[in-house]
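Asks: Questions regarding the structure given below will be posed in turn.
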Amino acid sequence: MATKRPAKTKVRGKRKSKAPKRSIAPSRSSAAGDGPVTLEEAQALALAQRPTGAVRKAAVTVDPANPRTVGVARQDLERKRRQEREQRFREYKATMTVMKERGAKDTGPQDAKGLPRGAKAKAASFVPLQIFAEGDSWFDYPPFLLRRGIVKRLQKRLGVPILNLAMAGDEVRFMLGVKQRKRLIELLTKGCPAGGPWEALLFSGGGNDIVDNPLALWLKDFNPTLPPAAQINQPRFDTALALVRAGYEDLIGLRDQLSPGTHLFFHGYDFAFPDGRGVCTLGPWLKPAFDLRKFPPIIPGAGVVKEMLTQFATMLKTLAAGDPAGKTTFINTQNRLAPNVSSWHNELHPTNDGFDLFAKLFHKEVEAVFPGRVLKP
């Protein structure tokens with residue numbers, strides 16, 4: 001039995017005044033209004049320029065579930081997502097505007113976490129690269145679980161802001177469907193909100209298209225005598241991959257038509273384990289399908305996941321290699337994590353260290369394509 005703690009005696013008297021919250025402010029050199037700035041200093045200056053507004057809390061009444069209330073809930077969710085996108089646009093534009101006006105500060109070599117190694121920053125500056133990202137939770141993992149996904153970590157490494165439009169759970173068929181395609185067309189047509197064309201587009205998609213409930217369709221009933229590749233219903237999985245490929249092909253086509261100078265960066269995830277771990281009432285996304293097909297725990301299913309993702313990566317490599325302009329890069333993120341469950345936060349997402357590793361890989365590839373436009377690894 002747990003021992004009870006003695007009750008605390010309330011002492012009446014004057015309340016201690018709370019210390020004021022510290023705000024992030026630009027350094028004294030940055031506050032002078034001239035000279036290059038780091039990403040953090042630019043963000044602080046942009047934040048200081050933002051007008052303050054009152055936040056109103058509205059009372060919410062919950063109706064019984066019916067088509068009308070479900071529709072209202074969907075509209076409310078879409079409104080919140082739209083507001084978040086608009087906020088990201090404003091923050092990106094304000095930050096990038098500061099950096100373009102004053103230059104991006106070169107802080108020198110970085111450590112494993114993407115932080116400057118030297119005690120003093122270099123005086124040199126560079127023209128910041130204009131990047132936006134579209135994708136799924138690998139790019140925008142919820143901040144209350146880990147330190148975000150790849151994009152948040154990557155922009156710190158690059159020393160330039162990234163307009164992140166990724167959304168957890170998104171699929172290629174939706175990102176290149178009607179609604180989100182229109183947004184992509186507008187972005188590629190109008191260019192960067194701080195002026196000029198987009199120079200790089202990071203894209204993460206395909207994983208959510210082939211997992212969860214539909215995964216059962218790509219699997220055969222388990223046969224212990226067959227290798228992982230033979231456990232896949234290949235004609236069906238080919239159909240699923242063809243749909244994902246169509247989305248990527250259309251993305252490349254939109255880039256070629258609307259913003260031919262924009263360099264595309266793709267990746268192929270890493271080899272996950274179907275161990276049944278979800279997160280925040282979401283998932284699991286793999287194990288239920290393998291259970292349905294009578295697979296033994298974890299290892300046999302992991303072999304099938306590896307085979308499927310290898311085929312997915314091969315498809316992306318082929319698309320990148322087939323770009324006649326050479327403006328599509330496939331970043332090989334597969335077989336990078338240690339092949340065990342502890343490398344993963346849940347079935348589909350790596351740990352903090354894993355996300356740091358992938359951000360480092362992206363940093364290396366982006367800097368190789370745009371030397372002098374981002375911080376060096």
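The values are calculated or read from the model by the stated rules, or taken from the named source; none is laboratory data. The structure presented is a predicted model; accordingly, all values stated were derived computationally and were not measured. Cβ coordinates were reconstructed from backbone atoms using ideal geometry, including for glycine residues, and neighbour counts include every protein chain displayed.
Asks: Condition test on ARG236, is it at pLDDT 95 or above, among the basic types (Lys, Arg) and under 19 Å from TYR248 (Cβ atoms)?
Replies: Taking the combined requirement at face value, the residue does not satisfy it.
Asks: Mind checking which residues of the stretch 193-224 are under 25 Å from PHE358 (Cβ atoms) and of a type in the set (Gly, Ala, Ser)?
Replies: Matches in the stretch 193-224: ALA200, SER204, GLY205, GLY206, GLY207.
Asks: Let me ask something else. What are the residues in the stretch 234-260 that are assigned to a loop (DSSP other than H, G, I, E, B) and surrounded by 14 or more Cβ atoms within 10 Å (Cβ to Cβ), if any?
Replies: The one that is assigned to a loop (DSSP other than H, G, I, E, B) and surrounded by 14 or more Cβ atoms within 10 Å (Cβ to Cβ): SER259.
Asks: Considering only the stretch 9-117, give the helices (runs of 4 or more DSSP H) lying wholly within it that have at least 1 residues that are among the hydroxyl-bearing types (Ser, Thr, Tyr), surrounded by 10 or more Cβ atoms within 10 Å (Cβ to Cβ) and modelled with pLDDT of 85 or more.
Replies: Per the criteria, 67-102.
Asks: If I filter the stretch 193-211 down to residues being of a type outside the set (Gly, Ala, Ser) and part of a loop (DSSP other than H, G, I, E, B), which single residue comes out as farthest from LYS306 (Cα to Cα)?
Replies: Among residues in the stretch 193-211 that are of a type outside the set (Gly, Ala, Ser) and part of a loop (DSSP other than H, G, I, E, B), the one farthest from LYS306 (Cα to Cα) is PRO193.
Asks: So which of PHE290, PHE203, PHE222, PHE266 is surrounded by fewer than 22 Cβ atoms within 10 Å (Cβ to Cβ) and not small (Gly, Ala, Ser)?
Replies: One residue alone meets the criteria, PHE222.
Asks: Identify all residues within the stretch 137-192 that are surrounded by fewer than 21 Cβ atoms within 10 Å (Cβ to Cβ), assigned to a helix (DSSP H, G or I) and within 9 Å of the chain's Cα centre (by Cα); write none if there are none.
Replies: The answer is LYS152, and nothing else.
Asks: Also, I was wondering about something else. Identify, by number, the condition in (1) over 18 Å from the mean Cα position of the chain (by Cα); (2) touching a residue at least 40 places away in the same chain (Cβ under 8 Å) that PRO324 doesn't meet.
Replies: Unmet condition: (2).
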